[in-house]
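The values are calculated or read from the model by the stated rules, or taken from the named source; none is laboratory data. All values derive from a computational prediction rather than experimental measurement. Please note: Cβ atoms are built from the backbone with ideal geometry, for glycine as well, and neighbour counts cover all protein chains shown.
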Amino acid sequence: MAGVKYVGVSRVYAKGAAPAVDALDLEVKDGEFMVLVGPSGSGKTTALRMLAGLEPLDGGRIEIAGRDISDVQPKDRDIAMVFQNYALYPSKTVAENMGFALKMRRVPRDERDRRVREAARILDLDPALLDRKPKQLSGGQRQRVAMGRAIVREPKVFLMDEPLSNLDAKLRVQTRSQIAELQRRLGITTVYVTHDQVEAMTMGHRVAVLSGGKLQQCASPRELYDNPVNQFVAGFIGSPAMNLVSAPLADGGVRLAGTVLPLGAQVRAAAAREKLTELVIGIRPEHLHLHLVGEAAAAGGARADGAELAGEVLLVEELGADALLHVRLVGDAAVADGPAAAEAPVVGGTPVVARAEGRKPPAPGQRVAFRVQPDDVFAFHPQTGARLAG
Amino acid sequence: MAVLEDVTSPPAAGLRPRGASRREKWQRRLPLLPALVYTIVVTQVPFLVTLWYSFQSYFWNEPGGAHWTGVSNYKEVFTDPSFRSALVRSVTMTAIAVVVAMILGVLLALLLDKKFLGRGVVRTLIITPFLIMPAAASLIWSGPMLDPSFGLLNWLLEPFGVHHVAWLTTHAYGSVIVVMIWQWTPFMTLIILAGLQGQAADVLEAAKVDGANAWATFRELTLPHLRPYIELGILLGSIYLVTAFDQVKLMTNGGPGTSTTTLPFYLYQKVNFAFDIGGAAAAGVITVILTIIVASFALRMFARVFQFEEAR
């Protein structure tokens, strides 16, 4: 077992093009489950393939267990990989697929059989399937065989390239926890690539968020959620996504939905230092606390105590335990009209999503008002996207 | 996992799309009829005539025309040692040519599957022998290539102590096979290349990670993947080469002696030199039956290649 270390690793596919992976520095500890997450084209798969040796490095080096393996053949890296489409050998049976790497290492047949059966047992794979060809298996079974092929090896590092993306939603959730549990039991260092932030959050000990070939942030799921370093991470992690709104700076905070949303002193100081007139404000859906519903909300929006955001419910998504409210915040103009705004439809306001209790959510068309704790408001630099310290 | 296996049940019987009406069926058949009639006229009618002649004693150089002799032509064909040796020669020549062409085809396809500068040009050049008609190829080989005095091969081999070898006389059997291989290797290359390009890239990557070297990957994964393509190439090649006539006629004329007399050439001689229409017809019928047996295997193979996923 061993840790993995990327040191300034770059990959450029075409001369002059932007690098697919740009000077990546990342350290995966021994036995850690590291998830690389990011949208398409973020370089996460390229980073994994470079670790596997399927992609050359254009800069930097990769170490496994402290040994530079940048120029080592894949077969000599002591890794096992699970591919997105499983890449099972179609002409071989399940048992032959799982035992192939051992056969290539000239492990005797008895030993091979024993280890294949052991892996099948660990994965709850029916021994009757061992003699079948991959074509005769269901998607979930193929996924297990692909996992089995990796664990039979007992490698230093597991590499997984979106191994759940071809499963249906229910099986994906089930397999997700099984893989995480399996990794914990085997204690083998794992690098796992996914574009699904829920997978990243639920499986990884730590999560590395990539975008445009660059590492944005690498931290525990909790840390990513509570303390995103920039606007990209804030918007990418969390479902539904954080509400990100541009708002002009005002005395003591930012002006939003006809009211002034207070900001912490440090944030205000940082904004002043950067000479900003506008900020990007981020509020998670669950931090918009539903405060008033109906007529009171319409009146409340105009109240002067400041910390309330008023708006109109456009759509309610019932999730069971809770409900997502799609709300259009009241614009400054609408509020200026005073009491008449209660009747007039909200036009041109900022759309946000709020999480509310599932039992009795407001109905579409109703006026609502939210309260927000100043500590729950994230502020980002409008140009660089960097988090303003708060 | 067991739950997943059982949820897919076969579609209920009786849900088949309703059959087309009689009128619709004829509307579908009608456009096919001219082709069908034409095919019957040019293939089945001559075959029936051949079948009829095979039971007749009919020599062009004897007066009296044809008369019924029953199965005596067939008896004669089966007891004729030159028919049997022509049959054996056809089979061995075809087998050697097809197998060697396939081995070369696999090697060339493996090379052409790699990316390199000028690959398109090389591919086209490699395919050219297949585009040349067999008669022209035979003339190229019997003249400029294998001529004892002016041939390219002798010139190339001269530094190695080979002088004025009359290939078509001393090595007739081998020479004819070489030309067949030369013409059919491109075909095998094309089929295998198509097969290689149908192999999933991630499977090869998985093999790399699993520690397989190039030879192990070829033996364990690529060759099994290519199997149906190899079978198809061998069968199609066999069908064409077992009826090869041009090479024999133009290069060796069946000789020296009968050393290159293949089945088609034997039939040709029986008609054009022995004037034995009945005997040639009987030999032809036997050849057709043997070919049909081979061809039906080939057709099944076709179905397997094109529905490979389902067939396994």
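Inspection of the stretch A:117-131 identifies no residue that is closer than 25 Å to B:Leu223 by Cβ, of a type in the set (Lys, Arg) and either in contact (Cβ under 8 Å) with a residue 40 or more places away in the chain or in the same structural domain as A:Glu162 (by TED's automatic domain parsing) (or both). Summed over the stretch A:36-52, residues that are buried (at least 24 other Cβ atoms within 10 Å of the Cβ) and of a type in the set (Gly, Ala, Ser) total 4. Scanning the stretch A:46-76 for residues that are part of a loop (DSSP other than H, G, I, E, B) and among the hydrophobic types (A, V, I, L, M, F, W, C), we see that the one that is nearest to the other protein chains (Cβ to nearest Cβ) is A:Leu54.
Among the residues in the stretch A:51-70, are any free of Cβ contacts under 8 Å to residues at least 40 places away in the same chain and among the polar types (S, T, N, Q)? Quick ask: steps written out before the conclusion?
Step one: of the stretch A:51-70, the residues free of Cβ contacts under 8 Å to residues at least 40 places away in the same chain are A:53-54, A:67-70.
Those still in the list that are among the polar types (S, T, N, Q) too: A:70.
Yes, the stretch A:51-70 has at least one match.
When A:Val94, A:Val152 are checked against the criterion of being under 24 Å from A:Thr194 (Cα atoms), more than 7 Å from every other protein chain (Cβ to nearest Cβ), surrounded by 22 or more Cβ atoms within 10 Å (Cβ to Cβ) and aliphatic (A, V, I, L, M), A:Val152 stands alone in meeting it.
A quick yes/no check of all residues on (1) part of a helix (DSSP H, G or I); (2) touching a residue at least 60 places away in the same chain (Cβ under 8 Å); (3) surrounded by 15 or more Cβ atoms within 10 Å (Cβ to Cβ):
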| position | (1), (2), (3) |
| --- | --- |
| B:Val176 | yes, yes, yes |
| B:Asp202 | yes, no, yes |
| B:Glu220 | yes, no, yes |
| B:Thr260 | no, yes, yes |
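Counting only residues that are more than 9 Å from chain B (Cβ to nearest Cβ) and assigned to a helix (DSSP H, G or I), the stretch A:127-146 holds 8 of them.
Name the single residue, out of those in the stretch B:207-266 being among the acidic types (Asp, Glu) and within 30 Å of B:Arg304 (Cβ to Cβ), that is farthest from the other protein chains (Cβ to nearest Cβ). Filtering the stretch B:207-266 for residues that are among the acidic types (Asp, Glu) and within 30 Å of B:Arg304 (Cβ to Cβ), the one farthest from the other protein chains (Cβ to nearest Cβ) comes out as B:Glu231.
Looking at the stretch B:187-194, is at least one residue among the polar types (S, T, N, Q), farther than 30 Å from A:Ser91 by Cα and surrounded by 14 or more Cβ atoms within 10 Å (Cβ to Cβ)? Show your work before the answer.
Just the residues of the stretch B:187-194 that are among the polar types (S, T, N, Q), to begin with: B:189.
With farther than 30 Å from A:Ser91 by Cα added as a condition, the list becomes none.
Looking for residues that are among the polar types (S, T, N, Q), farther than 30 Å from A:Ser91 by Cα and surrounded by 14 or more Cβ atoms within 10 Å (Cβ to Cβ), one finds none in the stretch B:187-194, hence no.
Here is a list: A:Ala2, A:Ala17. Which entry is farther than 20 Å from A:Phe83 by Cβ, in contact (Cβ under 8 Å) with a residue 24 or more places away in the chain and either among the acidic types (Asp, Glu) or part of a loop (DSSP other than H, G, I, E, B) (or both)? So that I can check it myself, show each step before the final result.
Details: A:Ala17 fails: in contact (Cβ under 8 Å) with a residue 24 or more places away in the chain.
Sole residue among the options that is farther than 20 Å from A:Phe83 by Cβ, in contact (Cβ under 8 Å) with a residue 24 or more places away in the chain and either among the acidic types (Asp, Glu) or part of a loop (DSSP other than H, G, I, E, B) (or both): A:Ala2.
Whether a residue is exposed (fewer than 15 other Cβ atoms within 10 Å of the Cβ) and part of a loop (DSSP other than H, G, I, E, B) was assessed, and A:Asp110 does not pass this test.
With the structure loaded, tell me whether A:Leu88 is buried (at least 23 other Cβ atoms within 10 Å of the Cβ), modelled with pLDDT of 90 or more and within 28 Å of the chain's Cα centre (by Cα) or whether it fails that test. Yes. Criterion applied to B:Ala206, B:Ala244 was being outside any helix (DSSP H, G or I) and crowded, with 21+ Cβ neighbours inside 10 Å, and the one residue passing it is B:Ala244.
Restricted to the stretch A:174-279, the set of helices (runs of 4 or more DSSP H) holding at least 1 residues that are under 14 Å from the mean Cα position of the chain (by Cα) and under 23 Å from A:Met81 (Cβ atoms) comprises A:197-203. Looking at the stretch A:169-183 only, could you name the residues that are surrounded by fewer than 13 Cβ atoms within 10 Å (Cβ to Cβ) and farther than 17 Å from A:Ala146 by Cα? Listed by number, the residues that qualify are A:Ala169, A:Lys170. Just one of the listed residues (B:Val98, B:Val91, B:Val121) is more than 22 Å from the chain's Cα centre (by Cα) and assigned to a helix (DSSP H, G or I), namely B:Val121.
Any chance the stretch A:29-45 includes a residue that's farther than 18 Å from A:Val193 by Cα and within 14 Å of chain B (Cβ to nearest Cβ)?
Quick first cut of the stretch A:29-45, residues farther than 18 Å from A:Val193 by Cα only: none.
Among the residues of the stretch A:29-45, not one is farther than 18 Å from A:Val193 by Cα and within 14 Å of chain B (Cβ to nearest Cβ), which makes the answer no.
Scan (1) over 30 Å from B:Gly284 (Cα atoms); (2) buried (at least 21 other Cβ atoms within 10 Å of the Cβ) for the single condition B:Leu153 breaks and write down its number. With respect to (1) over 30 Å from B:Gly284 (Cα atoms); (2) buried (at least 21 other Cβ atoms within 10 Å of the Cβ), B:Leu153 is out only on (2).
All conditions in (1) more than 10 Å from chain B (Cβ to nearest Cβ); (2) assigned to a helix (DSSP H, G or I); (3) surrounded by fewer than 22 Cβ atoms within 10 Å (Cβ to Cβ) hold for A:Asn166, with the sole exception of (2).
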